[in-house]
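Please read the structure below before turning to the comments.
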Amino acid sequence: SNAPVCCPSRATFWSGRSAHRLPHKTALDANFTVRGAWNNYEGLPDDYASRLDAVLHEAGYQTFLNGKYDWSTGSHSENVFLDAWTTYARFAYDVNATGGWPLETMCASNGTVAPGGGPGGINSTHSSDWAATAAATAWIAACNKTAPFFVYTGHSIVHPDYVTTKYWRDQIDASKIRVPAWRPLTELHPCDFQATVLKGCAPPDDQAAAFYAEARRREVRAIYYAMIAEFDEMVGAYVDAVNAAGAEKNTIFVVTSDHGDMQMEKQQFYKMTPYDASASVPM
């Protein structure tokens, strides 16, 4: 990916084009052509004919797509259109008395660990992802094994909000987690400071003690890793389905993402910043 945000990143993957070379009519004005996917409100036009799955279908592949798509223009709210131009505007903030004017509120969360859970999606907090996995693996089992096939599932599990179950949280040894150090707000680069405030990661004074506790940062990262562990088992279900279909010797698996997560690095969470934690796509 060359864009650390959902829609432009996915548009580049599915088109094979750079984000700045995706001309389309913007959803805000059908008479205006945007030359690229410059923000999270922009992506592929609805009539884009050369998407990866369409090209493969034309080449004789059976194709199955489910889960999260998020590659089309206008699929996000209009505020992200504005954010792209104002993220680094030097607004006057009252920090830390009121915490400024955040656009996001999840950064102050301690994450959620629901009771129970278990392997195979038992009482999972990400049941929709398990349902998508079940549908895709069932399709693999039923498809014509004499013709090539392409399967895509867009999972949402490894993404804020940070939510898991006790079963998956218990798989993570928090003592081994590296906790990023935080510098005083006054020492942050102006762009980092702006992103920190807009993401709600500079809380008001009456919440500062709990927010800045190292134990909170460690727990948030532990929950994130627990989500990855559960996703890993979902990936295993696809491997099992391909093995059961007898197609393991001529099937390629690609496990990737549209962006990363700052995970408390630079006193931030989420994405939308050009650091490796946000922009480097795992594969």
- Note on the structure: Of the residues in region 229-283 that are part of a helix (DSSP H, G or I) and under 20 Å from R10 (Cα atoms), the one that is least open to solvent (accessible area, probe 1.4 Å) is S278
- Message: Return the residues of region 120-164 that are of a type in the set (D, E, K, R) and either in contact (Cβ under 8 Å) with a residue 60 or more places away in the chain or outside any loop (DSSP other than H, G, I, E, B) (or both); say none if nothing qualifies.
- Response: D129, K145
- Message: For region 166-186, give me each residue that is open to solvent by less than 90 Å² (accessible area, probe 1.4 Å), closer than 30 Å to G118 by Cβ and either assigned to a loop (DSSP other than H, G, I, E, B) or at pLDDT below 95 (or both).
- Response: I172, D173, I177, V179
- Looking across region 1-36 at residues that are aliphatic (A, V, I, L, M), modelled with pLDDT of 80 or more and within 22 Å of M262 (Cα to Cα), the single one that is nearest to the chain's Cα centre (by Cα) is V5
- Out of the residues in region 83-138 that are open to solvent by less than 70 Å² (accessible area, probe 1.4 Å) and among the aromatic types (F, W, Y), state the one that is modelled with the lowest pLDDT. Y93
- Within region 6-40, considering residues that are open to solvent by 20 Å² or more (accessible area, probe 1.4 Å) and part of a loop (DSSP other than H, G, I, E, B), the one nearest to H155 (Cα to Cα): G16
- Among I252, I223, which is in contact with a strand residue (DSSP E or B) (Cβ under 6 Å, 6 or more places away or on another chain) and of a type outside the set (S, T, Y)? I223
- Message: Tell me whether region 187-194 contains one or more residues that are open to solvent by 70 Å² or more (accessible area, probe 1.4 Å), outside any loop (DSSP other than H, G, I, E, B), out of contact with any strand residue (DSSP E or B) (no Cβ under 8 Å at 6 or more places or on another chain) and over 19 Å from K271 (Cα atoms).
- Response: yes
- Could we say that G200 is over 25 Å from W71 (Cβ atoms), at pLDDT below 95 and either of a type in the set (S, T, N, Q) or open to solvent by less than 70 Å² (accessible area, probe 1.4 Å) (or both) here? yes
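The values are calculated or read from the model by the stated rules, or taken from the named source; none is laboratory data. Please read all numbers here as calculations on a predicted model, not as lab measurements. Methodologically, a virtual Cβ is constructed for each residue, glycine included, from the backbone with ideal geometry; neighbour enumeration extends over all protein chains shown. The area values use the complete protein model at the heavy-atom level, side chains included, leaving out ligands, DNA and RNA. Shrake-Rupley method; radii C 1.70, N 1.55, O 1.52, S 1.80 Å.
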